[in-house]
Every structure is written in C-alpha cells, then in structure tokens.
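Please treat every number below as a calculation from the coordinates, not as lab data. The structure presented is a predicted model; accordingly, all values stated were derived computationally and were not measured. In this analysis, Cβ positions are derived from the backbone assuming ideal geometry, glycine residues included, and neighbour counts consider all displayed protein chains.
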Amino acid sequence: MQTRRLEALEAQVRKASEARVQKAVHIPTPNVPRKNRSDRYRRYTQNETGATTTSIEGLKDAEAETRPEVAAIADVGGVLLPKGRLILKPSANYVRSDVNRAEIAGFSVLPGIIIGNINVTEENRNTVISSMTARYGLANRLEVEVKVPHVWRDDTTTSCPLGGFGVDQESTTSANGSDIGDIEFAAHYQVNKGGGKMPYFVANLRGKSHTGKDPFEVRQDANNVETQLPTGTGL
C-alpha cells in the first residue's frame, strides 16, 4: 500500500512539473533591424529546462534621445557670431604699481662724490577699470562690438629732496579720478568660408572715442600738480 501511494505522489509531482514547463511563455524578439536589437529591446532566451530568462543589453539609443543638445556659437561654419546672436561680457581689471625713483641734478667731482640736488620719489598707483562689452552678429560673417569702460584711479606721490642748499622735507600729494572711459568700437568680418583644412581669415577694424576726461581738463593746484586724474587719453 505504501509503495503504491509513493508511486501515485511521484506521478502527481511529475505531471505538475510538466504543466508548469508547458505554461512558460516564450516572447519572441521584436522584428527590428539586427543592429538595433541589442540596444533598444530586451533579448529573451530559453534554457535547457524550458524556463525563460531575460537580459538587458543597454540603453545607448534611449540615452541619446534624452540627452540635451549643446548649441555651439559657431554653428554656421564660421568663427564669428551668427546673425541675430548677442553676447554681453562684463569684466573688471585691477592694477597696482609701485615706483621708486631717484633724480640727481648736479655734477660729479670725483667718483662717489656728487654736488647738487637729489630727489627721491615714491609713487603708488591704483587703477580699477570695469567694462561691459556687447557683441552682436549683423550677419553670419559680420560681427560688431562696443565696449563701455568705467575708470577709477588713485595716485599717491611722496618726494623727499636730499642735499642741496634747501631744508630736506618730505612731501606727499594725492590725486584721484572716477568717470567713464573712452568707449571703443570694433567690427569683425570673416573673409572666407573656411572649414576643413582651410584656415579662417578675419578682418578687424577697431577705433575709440574721447568720452573719457581729457588729461588737459583735469584740475591742478598752484604748483601745476594734478589734483584730479584723467580717465581717457583725449585722442
């Protein structure tokens, strides 16, 4: 009796296993070009026991579709801005210079012996130039540019005369200036189409105005020493 029951149980287990294998679903590979099957779809394979397994080969094309397009400035085969494109570029430059100078007005009797006046001068100069530059493409091969600067200057000069017949006395003078500088204009034209092994040839034309304070317009004291500094060249 027990042997018959064991045989009946084994038969039931065998039938259940065969039924599960028959119910396994085989999903065919989508009908797409062979070169794209591994990139866009899952590949389904069946092992020796009939079970179905899946594997993902990659999402290369899907990532390419969602990746944002990076726009290049020179997207028309040139090195200048395309027509209708505007770029604003702010900038700021700071310059500091320290100069020590010794001036001798006299003559030398013997090597190392000088008769006359010696004036030692120390100059400290601080300059800040902030500007806004605008570039605009009139055409795909023609670009114009304008630069508007603002200049701030501060100079301090310390002088001390040595020797001579006067009394040695140190003196310090200072001057500053803050105003708009000389506005600059420019035009750039791409002569040839370029590309490939051909270089790009660009013709440039640049000029400036005299909107800054003229050096001959600044204030001076009774000794003709500047109390205000210019912000332009006056030319």
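At a glance:
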read-out	value
Relative exposure of H188, H150, H210, judged by other C-beta atoms within 10 Å (fewest first)	H210, H150, H188
Cβ-defined net charge surrounding D182, 13 Å radius [Lys, Arg +1; Asp, Glu -1]	+1
Cut-off under 5 Å, modelled amide H: who pairs with N140 long-range	K83
Charge dipole (debye, nearest 20) of the stretch 86-208; +1 at Cβ of Lys and Arg, -1 at Cβ of Asp and Glu	1120
From the C-alpha gyration tensor of the stretch 86-208, square roots of 5λ in Å	51, 20, 10
Charge dipole of the stretch 86-208 about the Cα centre (unit charges at C-beta), most positive-ward option of P90, G106, N117	P90
Alpha carbon centroid spacing (whole Å) that separates the stretch 119-143 from the stretch 87-117	25
Positive-end residue of G181, L142, V128, charge dipole of the stretch 86-208 with Cβ unit charges	L142
Size of electric dipole in the stretch 90-155: Cβ of Lys, Arg +1 and of Asp, Glu -1, about Cα centre, debye, nearest 20	320
Sites matching GluC sites (Glu not before Pro) across the stretch 121-192 that sit in DSSP coil, with at most 10 neighbouring C-beta atoms within 10 Å	E170
